[in-house]
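All remarks here apply to the structure that follows.
The values are calculated or read from the model by the stated rules, or taken from the named source; none is laboratory data. In this text the structure is predicted, and so the values were computed from the model without any measurement. Cβ atoms come from the backbone with ideal geometry, glycine included; neighbour counts cover every protein chain shown.
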Amino acid sequence: MDTDSNDREIIEIAEALHKDLLYNNTPKGQSIALMIIASSNCPIKSQALIQNLVCPITLEDLRYEQRAKNEGRLVAEKSGHEYLVVDGFPVMLVNDENWQKKRDELIGEHEFNVNTVPQHVHKDRVRYINRNADLFFDAIDLDLKGKTVLSVGCSFSELHHLNPKGCYTVCLDIAPSLGEQSHQSTRSQSLNGSWVCADGECIPFQNEAFDVVVIRQAIHHMLKYYSAISEFFRVCKLDGRILLIDEPMAGFDPSSFSFPHYSDTKLIYDGVTLGDVRQRYQMEPGKTNAAIEEANIDLDSMERKVEYQEADPDDAESLLAEKYYSLTLIHTLFHIQLHSDDLLLYFPEKRGGAEGEGENMRFFTKDQAINGLPMLDKLTAQSPFVSIKSVKTRPTRILRSRENLSPAPFDDIRQALALNK
């Protein structure tokens, strides 16, 4: 049998299997069509990607099309949305109302991490955050052996940290240039992981694909926090773990604290109620205790809308999305509680940061002053560092809106990839 005939036979078998699964109520995004990718000289070799990648906009199946040497497309079966694949590295970014801010982030992440922060600062920061992550893992008795992990906002150093723990890590990062570098290094070093460039707010994987979802100091680089948290839960398996690690939360602001649908008796965490917060800051008591129907929750309307801020091209830090950051610890807990009844807070003893410029920049750590304080003080602290373990206790039904999205412009992606040259 010649090659063309063999490919046609494999494709026919894959299509037949796909139809059979659809007729048997297979969940949307099962991605059997990706068997076609594996049979068509697709450079994506990771089974974790082949089995679970879907269109981030429609969550539908994908096929691979070769377009040039070392370059192809993942094409959504029904909508026709296309995503760039460069030497086996898929770039699956989406264009939404915040694309101008995110386009700055693509450039800023590269310029800040590669050309602004000295290597000795990176090394000190990695040692610090690896230690805090390990202390958190020990505190929650986490065993990653044999697990499939999605690391959102991943760095190459984080993959190195997870690799000895016996898990397979799918690494997701929004910066095409950094992700492509890490993709090549992972291949050359034969590490147990794979890379995809995508947005943590719109994850290109089917429902319940991962045992553990890790978000390590990453959510403050996002813009739609509630949509992102919903996505973390959507792609995690039932009884799986969602782990926010060493996240520097925004400081509590009484002027933006409003939960009108809840009465004072609403529990926040560890015995602290909404009434406790309202009383401390002399706010009006809650007037209702109405249950919020899941079907009526509009995550997009809950997101804080912030105008675009012009960045200075000569100041890499001004390009980063963290300048828009506003997610507080209490807001984080409220949103996690929409998806889970099982969560645990962990406040690390040390917090870290960088100061100075150029080669004089240094990384420092210091004691986190809130440790030992009552829980109400911790929940309303200014910029606490915190790790949170959540268990997916029920199917994710409160989902982000996927309306008015399109694939990110290829010109912007190519500009970001060109930073590596």
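For the reader, a short list of remarks on this structure follows.
- Answer from Tyr281, Tyr262 - the residue that is in contact with a helix residue (DSSP H, G or I) (Cβ under 7 Å, 6 or more places away or on another chain) and either buried (at least 18 other Cβ atoms within 10 Å of the Cβ) or modelled with pLDDT of 95 or more (or both): Tyr262
- Reported count of residues in the stretch 337-370, each being in a strand (DSSP E or B) and either touching a helix residue (DSSP H, G or I) at 6+ places or on another chain (Cβ under 8 Å) or touching a residue at least 60 places away in the same chain (Cβ under 8 Å) (or both), is 11.
- The lone exception for Glu355 - which of (1) touching a Phe, Trp or Tyr at 6+ places or on another chain (Cβ under 8 Å); (2) surrounded by 12 or more Cβ atoms within 10 Å (Cβ to Cβ); (3) closer than 30 Å to His122 by Cβ it fails: (2)
- Of the residues Leu373, Leu399, the single one that is part of a loop (DSSP other than H, G, I, E, B), of a type outside the set (Val, Ile, Thr) and at pLDDT 95 or above is Leu373.
- Pairs, first assigned by TED's automatic domain parsing to the domain that holds Ala321 and more than 10 Å from Leu93 (Cβ to Cβ) in the stretch 182-207, second β-branched (Val, Ile, Thr) and assigned to a strand (DSSP E or B), C-beta under 6 Å, six or more apart: Gly193/Thr169; Ser194/Val170; Gly200/Val152
- The residues of the stretch 55-113 that are at positive phi and either free of Cβ contacts under 8 Å to residues at least 60 places away in the same chain or more than 17 Å from the chain's Cα centre (by Cα) (or both), listed by number, are Asn70, Gly80, Asp87, Gly88.
- Any hit, the stretch 325-333, residues being over 27 Å from Glu231 (Cα atoms), at pLDDT below 95 and among the hydrophobic types (A, V, I, L, M, F, W, C): no
- Residue count, the stretch 156-186 (criterion: surrounded by fewer than 23 Cβ atoms within 10 Å (Cβ to Cβ) and either outside any helix (DSSP H, G or I) or at pLDDT below 95 (or both)): 3
- Qualifying residue in the stretch 234-254 (condition: out of contact with any helix residue (DSSP H, G or I) (no Cβ under 6 Å at 6 or more places or on another chain), modelled with pLDDT under 90 and in a helix (DSSP H, G or I)): yes
- Within the stretch 297-323, the residues that satisfy the criterion of being in contact with a His (Cβ under 9 Å, 6 or more places away or on another chain) and either crowded, with 18+ Cβ neighbours inside 10 Å or modelled with pLDDT of 95 or more (or both) are Leu299, Ala316, Leu320, Ala321.
- Exactly one residue out of Val212, Val196 is part of a strand (DSSP E or B), out of contact with any helix residue (DSSP H, G or I) (no Cβ under 6 Å at 6 or more places or on another chain), crowded, with 24+ Cβ neighbours inside 10 Å and among the hydrophobic types (A, V, I, L, M, F, W, C), and it is Val196.
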